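> Can you keep this structure in mind? I'll have questions shortly.
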Amino acid sequence: MQRWQGLKDVPTGWGRSVVTIGVFDGVHRGHQSIIADAVGRAAELGVPSVLITFVPHPAEVVRPGAHPPVLTSLVRRAELVEELGVDVFCALPFTLELSKLSPAEFVHATLVDRLHVTTVIVGENFRFGHKAEGDVGTLQELGRRFGFSARGDHLLTEHDTTLSATYVRSCVQAGDVRTAAEVLGRPHRLDGVVERGDRRGRELGYPTANLRTDDWAAVPADGVYAGRVVLLDEWGRTAGAPPLGTAAISVGTNPTFDVRQRRVEAFVLDFDADLYGANIGVEFVARLRGMERYDGVDALVAQMALDVEQTRTLMQ
């Protein structure tokens with residue numbers, strides 16, 4: 001799969017293509033359905049499929065400070081999209097200038113002039129152009145003018161709930177990582193670099209990898225979780241590496257020791273190597289309990305032992 005950092009990377013002599021557009025944060029099952037439709041249509045026509053996402057999230061440009069929690073890093077998003085068979089992943093810089101383009105200007109400058117689009121496939125709630133003036137109907141009208149077809153796929157729903165990134169974020173923020181995984185089609189994962197902590201876990205017999213995440217990462221609600229840790233390469237890519245192992249994961253402060261800094265710490269079962277400086281991904285499979293304050297170290301260690309055994313049993 002080709003990775004473009006904007007339309008400046010479109011090769012000379014680029015021909016026709018099928019394009020799908022959206023933020024696609026999380027690449028959840030609803031996104032996967034739209035992307036599969038675009039990939040299938042491209043195969044029918046014998047042309048490349050192009051997925052356009054935006055960096056940063058458009059909300060941060062239009063309403064500074066409104067950036068939603070991020071479910072997947074850009075690197076992870078590209079990996080997931082590649083697995084779905086997309087030919088080109090285009091991370092389009094979303095600027096104030098881009099946000100001010102009318103729907104027709106956006107379509108001509110992006111889809112027609114540079115990508116020579118033959119078909120555009122988006123979700124039925126797709127909006128674009130200045131102040132989100134354009135919708136699927138606008139896109140179809142512009143397609144008739146510029147010579148391409150466009151359609152808006154129905155959004156997936158389950159139990160009367162639309163599968164969306166907003167819904168997944170709400171599940172993650174509530175600690176409901178099981179439902180989040182059902183919508184995503186895989187466990188929610190936080191990627192980051194292991195940094196030095198206060199080493200208190202090692203002193204208690206449970207050394208943890210302290211994860212430094214991006215500022216906008218979608219961190220689950222405070223509590224203890226069962227999950228896995230995977231090793232990433234220096235660019236944050238999974239690169240087919242096997243999981244490091246099952247992990248008991250703590251999210252939040254440490255009220256027993258009056259620690260106020262919110263942390264994500266993973267204790268990898270049956271693993272002794274120092275992960276300091278490594279890029280890892282922490283996958284959240286199930287929430288075990290909330291964050292609690294204990295009367296002394298012995299009570300805390302006893303609970304940690306129970307958490308580890310519950311994690312081991314659950315993840316078998």
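The values are calculated or read from the model by the stated rules, or taken from the named source; none is laboratory data. All values reported here derive from a predicted model rather than from experimental measurement. Positions of Cβ are backbone-derived with ideal geometry, glycine not excepted, and every protein chain shown enters the neighbour counts.
> Of the conditions (1) within 27 Å of Asp214 (Cα to Cα); (2) assigned to a helix (DSSP H, G or I); (3) touching a Lys or Arg at 6+ places or on another chain (Cβ under 9 Å), Thr311 fails just one. Which one is it?
Of everything listed in (1) within 27 Å of Asp214 (Cα to Cα); (2) assigned to a helix (DSSP H, G or I); (3) touching a Lys or Arg at 6+ places or on another chain (Cβ under 9 Å), Thr311 misses just condition (3).
> Looking only at the stretch 112-154, which residues are of a type in the set (Val, Ile, Thr) and assigned to a strand (DSSP E or B)?
Val117, Thr118, Thr119, Val120, Ile121, Val122
> Within the stretch 17-38, count every residue that is more than 18 Å from the chain's Cα centre (by Cα) and within 13 Å of Asp87 (Cβ to Cβ).
The total comes to 4.
Results for (1) outside the structural domain of Phe24 (by TED's automatic domain parsing); (2) surrounded by 18 or more Cβ atoms within 10 Å (Cβ to Cβ); (3) closer than 22 Å to His154 by Cα; (4) among the aromatic types (Phe, Trp, Tyr), shown as yes or no for each residue.
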position: Val70; (1), (2), (3), (4): no, yes, no, no
position: Ser73; (1), (2), (3), (4): no, yes, no, no
position: Val88; (1), (2), (3), (4): no, yes, no, no
position: Lys100; (1), (2), (3), (4): no, no, no, no
position: Val107; (1), (2), (3), (4): no, yes, yes, no
position: Leu115; (1), (2), (3), (4): no, yes, no, no
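> Here is a further query. I'm told Gln173 meets every condition in (1) among the polar types (S, T, N, Q); (2) touching a residue at least 60 places away in the same chain (Cβ under 8 Å); (3) surrounded by 15 or more Cβ atoms within 10 Å (Cβ to Cβ) except one. Can you identify the failing condition by its number?
Only one criterion is unmet by Gln173, namely (3).
> What number of residues within the stretch 39-58 are under 26 Å from Asp191 (Cβ atoms) and either β-branched (Val, Ile, Thr) or more than 16 Å from the chain's Cα centre (by Cα) (or both)?
6
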